[in-house]
């Protein structure tokens with residue numbers, strides 16, 4: 001049995017036996033537990049540490065482990081109703097009231113109940129994550145000289161250089177700031193580039209987490225429609241003229257949720273329009289490493305074709321690794337980089353050095369390209385399986401674009417379908433999905449849903465999940 005499984009089993013056994021001991025009573029010695037359960041001393045130590053963290057056991061050096069004495073609540077609950085007034089009054093003078101709403105983000109972060117197929121996930125299933133390679137990288141990183149000392153505020157030079165090479169063009173390590181995940185980098189960018197009350201142009205539809213960031217900062221998201229070739233330049237120019245905005249946030253590669261790739265002819269147009277408006281383009285390059293096996297050559301980031309510092313680029317390792325491997329890069333050229341750096345330092349100081357060292361170990365190992373190739377092949381298989389299942393079970397659901405990268409499909413529902421009713425019915429039949437409404441900053445043109453094929457265990461779950469979705473649709477028609 002693996003050590004991790006042994007620890008879990010021992011914790012379960014000891015937790016069940018705690019009632020045999022009175023509060024404060026002494027548990028058997030570590031040696032006795034080793035002999036009784038036939039496990040290693042390390043397993044016993046880790047199991048007791050887990051129970052201690054749960055507040056069930058107290059350890060005393062030299063004396064042993066004891067059942068914890070339950071805490072008794074003696075203080076009154078208190079009255080927090082005053083906070084409603086205080087929190088509301090705080091934004092009374094704001095030009096655009098701040099709205100802190102995480103519901104759109106939680107739709108893809110919340111784990112579904114047991115037995116529910118996860119079509120709402122935003123990360124790779126554990127079976128697709130490079131768990132062994134990450135563990136080995138973290139272990140090697142912890143032994144590097146100076147691994148636990150304070151890193152440079154901008155990030156480790158070697159890691160910044162690696163991110164710069166991935167962008168290409170004239171980008172250098174001096175333009176790169178290592179950040180704690182893409183969400184943090186986007187938050188820093190919007191705080192740096194737009195004052196409270198300002199308009200910020202966004203693709204429509206777009207990533208709900210970015211809309212949440214903007215609204216929490218008191219910004220006003222203004223939608224610019226997207227089609228199969230990405231954002232529409234003429235409408236982008238109109239939006240800049242109408243609003244005076246100085247920021248446009250976009251995902252030119254495998255856009256979330258549509259999966260669109262910005263067409264070659266539109267790329268220079270977007271940069272030209274933003275430059276003429278004196279505005280920045282925040283390029284959220286979130287899934288460049290989740291290309292499918294049948295994709296052709298990828299276009300470079302917009303930042304690679306931008307000598308004038310129009311683009312602020314956000315790239316991350318998280319989507320291709322694990323939700324807990326939160327290492328990203330915020331790249332900018334010119335004076336704006338110093339503002340980004342200052343805000344990041346004030347907010348977070350720096351990304352923990354062991355995590356940066358682990359990122360270097362991971363991307364420099366032979367396991368990294370192998371992992372990317374394996375994920376590329378598997379995502380293609382899953383996308384193909386989900387597409388075929390949808391066409392067979394739900395032919396009325398429109399699938400206007402089949403992406404060659406990313407991890408989800410964007411579906412337009414038949415006219416008259418209530419997406420929230422479908423979402424609720426689907427959960428009752430055992431499949432979780434993401435409704436389309438949170439992806440729009442204004443009124444949506446139609447009802448949509450987003451289905452992820454990355455967070456499930458395999459193609460069998462995809463087929464079964466679509467079958468359950470068909471049952472849910474039949475129920476509400």
request  = With viscosity set to 1.567 mPa s and temperature to 4 °C, compute the Stokes-Einstein D of the chain, Rh being the Kirkwood radius across alpha carbon pairs; µm²/s, no decimals.
outcome  = 52 µm²/s
task = Would you compute the Debye intensity of the range 402-458 from its alpha-carbon atoms alone, equal scatterers and no solvent, and pass along log10 I(q)/I(0) at q = 0.20 Å⁻¹ to two decimals?
result = -0.81
remark   = Expressed to two decimals, the range 368-477 has a Cα Rg over Rh, using the Kirkwood radius, of 0.98
ask   = What's the angle, to the nearest 10 degrees (0 to 90), between helix 336-348's Cα axis and the longest principal axis of the chain?
value = 20 degrees
query = Based on the alpha carbon coordinates of the range 264-353, what radius of gyration and maximum Cα-Cα distance (Dmax) apply, in Å?
reply = 15.1, 43
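State, as an integer percentage, the relative contact order of the range 310-400 based on alpha-carbon contacts under 8 Å between residues 6 or more apart.
The normalised contact order for the range 310-400 reaches 17 percent.
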note = Taking r as the C-beta separation of residue 265 and residue 42 and R0 as 51 Å, the FRET efficiency to the nearest 0.05 is 0.25
inquiry  = Between helix 459-476 and the chain, what is the angle of the helix's C-alpha long axis to the longest principal axis, kept within 0 to 90° and rounded to the nearest 10?
reply    = 70 degrees
request  = Distance between Cα centroids, the range 201-222 to the range 272-332: provide it in whole Å.
outcome  = 17 Å
query = Of 449, 476, how do they rank once you tally other Cβ atoms within 10 Å and put the fewest first?
reply = 476, 449
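Report the equivalent ellipsoid semi-axes for the range 3-67 in whole Å, largest first, defined as the square roots of five times the eigenvalues of the gyration tensor built from alpha carbon atoms. If you can, show how the numbers build up before the last one.
Working: eigenvalues 58, 32, 25 Å².
Working through the eigenvalues yields semi-axes of 17, 13, 11 Å.
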Value of relative contact order over the chain, rounded to a whole percent, pairs C-alpha under 8 Å and six or more apart = 19 percent
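Determine, from the Cβ-Cβ distance of residue 153 and residue 60 and an R0 of 45 Å, the FRET efficiency 1/(1 + (r/R0)^6), rounded to the nearest 0.05.
Working: r = 41 Å, r/R0 = 0.92.
It comes out at approximately 0.65.
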query = How compact and how long is the range 121-161, expressed as Rg and Dmax of its alpha-carbon atoms in Å?
reply = 13.8, 38
ask   = Quick one: Debye curve from the C-alpha atoms of the range 131-363, no solvent, what's log10 I(q)/I(0) at q = 0.11, 0.17 Å⁻¹?
value = -0.53, -1.25
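Averaging sequence separations of C-alpha pairs under 8 Å and six or more residues apart, then dividing by the length of the range 3-67, give the relative contact order as a whole percent.
Working: 62 pairs, mean separation 27.2, N = 65.
The normalised contact order for the range 3-67 reaches 42 percent.
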For the range 205-256, radius of gyration divided by Kirkwood radius, i.e. Rg to Rh on alpha-carbons = 0.95
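Could you list 443, 9, 17 so that the one with the fewest beta carbons within 10 Å of its beta carbon is first and the one with the most is last?
Numbers: 443 7, 9 15, 17 12.
Going from sparsest to densest Cβ surroundings: 443, 17, 9.
What is the fewest-to-most order of 125, 313 by other Cβ atoms lying within 10 Å of their Cβ? Write down the numbers at each step before the final one.
Numbers: 125 19, 313 28.
Arranged by neighbour count, lowest to highest, 125, 313 become 125, 313.
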key: Alpha-carbon centroid distance for the pair the range 365-418 / the range 434-477, whole angstrom   = 12 Å
query = So if R0 is 45 Å, what FRET efficiency would residue 305 and residue 475 give, r being the distance between their Cβ atoms, rounded to the nearest 0.05?
reply = 0.35
ask   = So what does the Cα-only Debye profile of the range 307-409 read at q = 0.15, 0.19, 0.23 Å⁻¹, as log10 I(q)/I(0), no solvent term?
value = -0.86, -1.03, -1.21
key: Rounded tilt (10° steps) of 353-363 against the dominant C-alpha axis of the chain   = 70 degrees
remark   = What helix-only [θ] at 222 nm does the chain give? Using -39500 (n - 2.57) per DSSP H run of at least 4, over all residues, to the nearest 500, the answer is -13000 deg cm²/dmol
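Values quoted throughout were computed directly from the atomic coordinates according to the rules given, and no laboratory measurement underlies them. In this text the structure is predicted, and so the values were computed from the model without any measurement. All Cβ positions, even for glycine, are placed from backbone atoms using ideal geometry, and neighbour counts span all protein chains on display.
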